[in-house]
Amino acid sequence: MTDTDISASQTMTEDEAAEFAEQVFDVARQGNAVMLERLLEKGLPADLRNHKGDTLLMLASYHCHADAVRVLLNHKADPEIRNDNGQSPIAGAAFKGDLAVVRLLVEAGADVDGASADGRTALMMAAMFNRNEIVDYLISQVVPNKIF
């Protein structure tokens with residue numbers, strides 16, 4: 001077998017690539033930090049997006065998987081990439097009520113004041129769903145003269 005044959009045999013079809021990508025997004029949804037770490041070390045882009053514009057970080061954040069979020073952030077996933085609906089990972093974590101994930105995202109540079117297309121911020125999402133610990137934390141992170 002020549003190098004060309006080996007290279008050709010290792011190339012995925014479009015369908016295989018799409019199935020693999022969906023499996024990768026499931027890994028993020030399920031919070032499998034160990035598998036994410038392995039994939040990222042092998043060259044998986046940390047900011048890979050699906051057909052809805054969701055990044056791996058968005059899915060891990062929304063599904064409350066702090067260890068997976070930490071792995072992605074350690075591999076330089078951008079906490080500011082929004083999905084096709086303009087939603088951010090921090091807003092998803094605030095909506096779901098996961099303070100640990102919200103803290104990780106803020107520490108990684110997520111914009112506490114960033115709003116989605118409909119104008120809602122993570123603070124608003126937390127307040128709407130009575131996530132009081134997150135409300136208090138986000139208020140503590142806002143620049144004082146921007147509150148009013």
Residue list for the stretch 92-109, restricted to those being touching a Leu at 6+ places or on another chain (Cβ under 9 Å) and crowded, with 19+ Cβ neighbours inside 10 Å: Gly92, Ala93, Ala94, Val102, Leu104, Leu105, Val106, Ala108
Residue count, the stretch 122-147 (criterion: at pLDDT 95 or above, polar (S, T, N, Q) and not in a loop (DSSP other than H, G, I, E, B)): 1
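Are any of the residues in the stretch 110-130 closer than 18 Å to Glu37 by Cα and in contact with a helix residue (DSSP H, G or I) (Cβ under 8 Å, 6 or more places away or on another chain)?
Our first condition is that a residue be closer than 18 Å to Glu37 by Cα; within the stretch 110-130, this holds for none.
The answer is no, given that none of the residues of the stretch 110-130 is closer than 18 Å to Glu37 by Cα and in contact with a helix residue (DSSP H, G or I) (Cβ under 8 Å, 6 or more places away or on another chain).
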How do the pairs read when you match residues in the stretch 65-84 that are touching a residue at least 24 places away in the same chain (Cβ under 8 Å) and buried (at least 18 other Cβ atoms within 10 Å of the Cβ) with residues anywhere that are part of a loop (DSSP other than H, G, I, E, B) and basic (Lys, Arg), using Cβ under 9 Å and keeping only pairs 6 or more apart or on different chains? Asn83/Lys52
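Results for (1) modelled with pLDDT of 90 or more; (2) in a helix (DSSP H, G or I), shown as yes or no for each residue.
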{"site": "Met1", "(1), (2)": "no, no"}
{"site": "Ile6", "(1), (2)": "no, yes"}
{"site": "Met12", "(1), (2)": "no, no"}
{"site": "Phe25", "(1), (2)": "yes, yes"}
{"site": "Glu37", "(1), (2)": "yes, yes"}
{"site": "Leu44", "(1), (2)": "yes, no"}
{"site": "His51", "(1), (2)": "yes, no"}
{"site": "Asp67", "(1), (2)": "yes, yes"}
Which of the residues that make up the stretch 65-83 are among the hydrophobic types (A, V, I, L, M, F, W, C) and more than 10 Å from the chain's Cα centre (by Cα)? Ala66, Val71
Counting only residues that are of a type outside the set (D, E, K, R) and in a helix (DSSP H, G or I), the stretch 84-101 contains a total of 10
Give the stretch 37-64 a look and list any residue that's crowded, with 16+ Cβ neighbours inside 10 Å, under 12 Å from the mean Cα position of the chain (by Cα) and not small (Gly, Ala, Ser), or say none. Leu48, Arg49, Asn50, Asp54, Thr55, Leu56, Leu57, Met58, Leu59, Tyr62, His63, Cys64
Answer from Ala21, Ala60, Ala17 - the residue that is at pLDDT 95 or above and either small (Gly, Ala, Ser) or in a helix (DSSP H, G or I) (or both): Ala60
Under 6 Å between Cβ atoms, at least 6 apart or on separate chains: pull out the pairs that start in the stretch 40-51 with a residue that is under 12 Å from Asn74 (Cα atoms) and end on any residue that is loosely packed, with under 14 Cβ neighbours inside 10 Å. Ala46/Lys76
Taking the conditions exactly as written (over 12 Å from Phe25 (Cα atoms), in a loop (DSSP other than H, G, I, E, B) and among the β-branched types (Val, Ile, Thr)), does Ile81 satisfy them or not? yes
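The values are calculated or read from the model by the stated rules, or taken from the named source; none is laboratory data. Since this is a predicted model, take the numbers as computed values, not measurements. Because the Cβ atoms are built from the backbone with ideal geometry, glycine has one as well, and the counts that use them run over all protein chains shown.
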